[in-house]
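Have a look at the structure below before the remarks.
The values are calculated or read from the model by the stated rules, or taken from the named source; none is laboratory data. Given the structure is predicted, the values throughout are model-derived calculations rather than measurements. Cβ atoms come from the backbone with ideal geometry, glycine included; neighbour counts cover every protein chain shown. Surface areas here come from the heavy atoms of the whole protein model, side chains and all, with no ligands, DNA or RNA. Shrake-Rupley method; radii C 1.70, N 1.55, O 1.52, S 1.80 Å.
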Amino acid sequence: MTTTVKAPAESLLVRSPGPRELDPQRAHRRRRALELTLAVAVPLLLVLLWQLAATRAWIDDRVYPAPSTILADGWDRAAAGDLWPDVWATLKRVLAGYAVGTAAGYALGLLMGSLSLVRAALEPLLDALYVVPKLALLPIFLNMFGLGEGPQVALVATTVFFFVWISTMSAVMQIPSGHRDAGQVFGASPWQMFRHVLLPASLPSVLVGARIAAGVAVLVIVASEQIAATNGLGHLIFDSRALFQNDVMFVGIVCVAVLGVLFSELIRLVGRLLTPWAPRDRGRGQS
């Protein structure tokens, strides 16, 4: 609220405090409640619209089954134990590939970010490999590892590697030189320089890249399982589509979505625990 106060020589604009200034905690709670309501209401509204369209025959429920049908079928498959082997097959491939790719990407990103000669030698090659669609590498991994878990894990690891490598190298290169100089002045050893300078300064950016890689890892493994796997959620989706079992296909799609969200949120939670000093990467509770 702005009011005008007349003075003999000039007019003064006086701004009265609004609700956010008078009670910031209440304003934050209201904003948070609004965000949560929108986050729940929009997907729920779309699901209800889908249910109505299938019930009223606005869409062909043989091709697009109603959400209630998908939920019932998923519940039955989970209760019978038919769903969990595919979920576990996909999950273990994602976890194994993610662990290998993250470790390799962080180690090489740290090395290339710290040593300019190593960066000059390897960056052009890695840049060229980065733009190659990762699914195009699947035949190579099949030749290397044969049928089984190896090609799937290698494909996920390769995908994750590039995301973590880029975020780590960029984060290390952006560390102010004054931080390094201060460590050298105090006689820090290479381990101490890493532990007290490089790691805390680069970790927030690295974890953002790791969270993005988590979602992409799920995407890649599902696509790979549709091509070269005999189990997993990707195989379930592709096989059920071929058999015109569209309700089963949507069960697999929903499971993939839930798996991707949970995995991404897990990485986000780990990031908050490891970097309590870093600002959150989502503007919740902020204007």
Problem set entry | Solvent exposure, largest accessible area first (probe 1.4 Å, DNA, RNA and ligands not counted), of 73, 61 | 61, 73
Seminar exercise, completed: Carbon plus sulfur, as percent of the 1.4 Å-probe accessible area of the chain, comes to 67
For this session: Calculate, for residue 174 and residue 58, the FRET efficiency according to 1/(1 + (r/R0)^6) with r their C-beta to C-beta distance and R0 45 Å; round to the nearest 0.05.
Result: 0.30
Exercise. By how many nm would the segment from residue 35 to residue 272 lengthen if fully extended, with 0.36 nm per residue of separation less the alpha-carbon distance?
Worked result: 83.3 nm
For this session: Give the accessible surface of the chain per residue, rounded to a whole number of Å², with probe radius 1.4 Å and ligands, DNA and RNA excluded.
Result: 61
Seminar exercise, completed: Counting only DSSP loop positions in region 22-79, the chymotrypsin sites (Phe, Trp or Tyr not before Pro) whose Cβ has at most 13 other Cβ atoms within 10 Å are 58
For this session: Measure off 7 Å from each Cα along the Cα-to-Cβ vector at residue 245 and residue 195, then give the distance between these two points in nanometres to one decimal.
Result: 5.5
For this session: Let me know the volume per residue of the alpha-carbon convex hull for the chain, in Å³.
Result: 246
Problem set entry | Dipole of the chain [Lys/Arg +1, Asp/Glu -1 at C-beta], most positive-end residue of 46, 263, 168 | 168
For this session: Please check the chain for the longest run free of trypsin sites (Lys or Arg not before Pro) that are loop-located per DSSP (anything but H, G, I, E, B) and have at most 13 other Cβ atoms within 10 Å.
Result: 63-279
Exercise. Given a Förster distance of 45 angstrom, what is the FRET efficiency for residue 48 paired with residue 79, based on the Cβ-Cβ distance and rounded to 0.05?
Worked result: 0.95
Problem set entry | Calculated FRET value between residue 26 and residue 261, using beta carbons and R₀ = 45 Å, to 0.05 | 0.90
